[in-house]
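Engineer: Structure provided below as structure tokens; questions to follow.
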Amino acid sequence: MNAGTLAEALDRAALDGRPLAGGASGLTDTAGAYEVQSALVARRLARGERLTGFKLGFTSQAKMRQMGVADLIHGRLTDRMEVPDGGRLDVSGLIHPRVEPEVAFLLGDTLLPGGDPMAAVSAVAPALEVIDSRYDGFRFSLPEVIADNTSAAHYAVGAWWTTRDLGGLGVLLELDGRTVETGSTAAILGHPLRALAAAARLGGPLEPGTVILAGAATAAVPLPPGTHVRATVAGLGTVALTTEAVGTADVAREDA
């Protein structure tokens with residue numbers, strides 16, 4: 001399956017909410033996988049979406065264990081993936097969404113490979129990422145998840161703060177007021193600044209205004225409709241969203 005064909009299949013899976021079988025793509029190398037990812041993102045941009053960010057994946061040991069992989073990966077974010085802090089997210093079109101708490105960086109200057117990464121940062125914030133693999137059962141090879149834009153689906157960012165020390169901050173993930181995961185920013189490559197340096201190396205140059213999601217501080221948890229999710233990062237505050245299933249409700253009314 002060539003890059004364009006697989007990109008089309010992944011794009012259609014996301015649009016239709018119907019997963020592909022993992023392990024059937026024929027992808028065997030990361031270089032080819034990033035070619036597919038580029039083609040996949042290009043399809044979104046052709047529909048009018050705009051690039052807003054850069055995300056890192058598998059930066060925590062918990063996530064590596066959960067997904068059975070050990071390599072750092074990266075993907076792209078667009079404006080249609082954004083959810084306002086405290087906003088509502090329709091998950092009816094998603095396949096099997098999961099959520100994880102993160103730290104976000106906002107670039108005020110161009111982030112260049114080999115430079116001082118913090119010199120390019122204007123602000124930091126707590127963040128939530130909603131992931132949704134387009135492969136059945138979240139089962140995939142490393143090249144396949146890269147091709148799938150690292151399972152990117154949606155993200156929300158809390159209040160921005162001027163840069164501060166991010167080392168060893170406590171992280172809490174709650175669903176409907178119940179704590180489901182706890183962790184530390186140290187889970188992100190030992191320190192989130194290392195993720196920022198990795199973003200510069202892997203994706204640079206990255207332009208001012210780019211949001212960088214540094215990677216999960218805990219394992220991801222399933223995110224059903226009708227759920228209020230909140231992440232707290234000590235010293236940075238909170239970010240939240242509530243899921244709903246508007247599309248499912250609309251279909252039910254039409255069928256009635």
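The values are calculated or read from the model by the stated rules, or taken from the named source; none is laboratory data. Because the structure is a prediction, the values reported are computed rather than measured. Here Cβ is always computed from backbone atoms with ideal geometry, including for glycine, and neighbour counts include all displayed protein chains.
Engineer: Which one is nearest to Ile95 (Cα to Cα) among residues in region 215-235 that are buried (at least 20 other Cβ atoms within 10 Å of the Cβ) and modelled with pLDDT of 95 or more? Outline the logic, then answer.
Structural biologist: Keep residues of region 215-235 that are buried (at least 20 other Cβ atoms within 10 Å of the Cβ), which gives 215-220, 223, 229-233.
With modelled with pLDDT of 95 or more added as a condition, the list becomes 223, 229-233.
Values: Leu223: 11, Val229: 18, Arg230: 21, Ala231: 22, Thr232: 26, Val233: 28 Å.
So the residue we want is Leu223.
Engineer: Leu128: buried (at least 18 other Cβ atoms within 10 Å of the Cβ) and assigned to a loop (DSSP other than H, G, I, E, B), yes or no?
Structural biologist: Working: buried (at least 18 other Cβ atoms within 10 Å of the Cβ): yes; assigned to a loop (DSSP other than H, G, I, E, B): no.
Answer is no for this residue.
Engineer: Which residue, of Glu144, Glu102, is surrounded by 20 or more Cβ atoms within 10 Å (Cβ to Cβ), among the acidic types (Asp, Glu) and at pLDDT below 95?
Structural biologist: Numbers: Glu102 fails: at pLDDT below 95.
Going through Glu144, Glu102 in turn, the sole match is Glu144.
Engineer: Could you say which residue among Thr182, Thr150 is closer than 30 Å to Leu6 by Cα and of a type in the set (Val, Ile, Thr)?
Structural biologist: Details: Thr182 fails: closer than 30 Å to Leu6 by Cα.
Residue meeting the stated conditions: Thr150.
Engineer: Just give me the residues in region 28-43 being without any contact (Cβ under 8 Å) to a residue 60 or more places away in the chain and buried (at least 19 other Cβ atoms within 10 Å of the Cβ), in sequence order.
Structural biologist: Restricting attention to region 28-43, the residues satisfying the condition of being without any contact (Cβ under 8 Å) to a residue 60 or more places away in the chain are 31, 35, 38-39, 42-43.
Glu35, Ala39, listed by residue number.
Engineer: Working only within region 171-198, note down all residues that are outside any helix (DSSP H, G or I) and surrounded by fewer than 20 Cβ atoms within 10 Å (Cβ to Cβ). First the steps, then the outcome.
Structural biologist: First, pick out the residues of region 171-198 that are outside any helix (DSSP H, G or I): 171-184, 188-191.
Once the filter is applied, which keeps residues that are outside any helix (DSSP H, G or I) and surrounded by fewer than 20 Cβ atoms within 10 Å (Cβ to Cβ), region 171-198 yields Leu172, Glu174, Leu175, Asp176, Gly177, Arg178, Thr179, Val180, Thr182, Ser184, Gly190, His191.
Engineer: Here are Leu112, Leu89: which of them is surrounded by fewer than 20 Cβ atoms within 10 Å (Cβ to Cβ) and among the aliphatic types (A, V, I, L, M)?
Structural biologist: The unique qualifying residue is Leu112.
Engineer: Could you say whether any residue in region 241-256 is within 28 Å of Leu111 (Cα to Cα) and modelled with pLDDT of 95 or more? Walk me through how you get there before you give the answer.
Structural biologist: We begin by selecting, within region 241-256, every residue within 28 Å of Leu111 (Cα to Cα); these are none.
Looking through region 241-256, none of the residues is within 28 Å of Leu111 (Cα to Cα) and modelled with pLDDT of 95 or more.
Engineer: Exactly one condition in (1) in contact (Cβ under 8 Å) with a residue 12 or more places away in the chain; (2) out of contact with any strand residue (DSSP E or B) (no Cβ under 8 Å at 6 or more places or on another chain) is not met by Gly190; state its number.
Structural biologist: Of (1) in contact (Cβ under 8 Å) with a residue 12 or more places away in the chain; (2) out of contact with any strand residue (DSSP E or B) (no Cβ under 8 Å at 6 or more places or on another chain), only one is false for Gly190: (1).
Engineer: Within region 1-51, how many residues turn out to be of a type in the set (Ser, Thr, Tyr) and assigned to a helix (DSSP H, G or I)?
Structural biologist: Just the residues of region 1-51 that are of a type in the set (Ser, Thr, Tyr), to begin with: 5, 25, 28, 30, 34, 38.
Checking which are assigned to a helix (DSSP H, G or I) leaves us with 5, 30, 34, 38.
Qualifying residue count for the region: 4.
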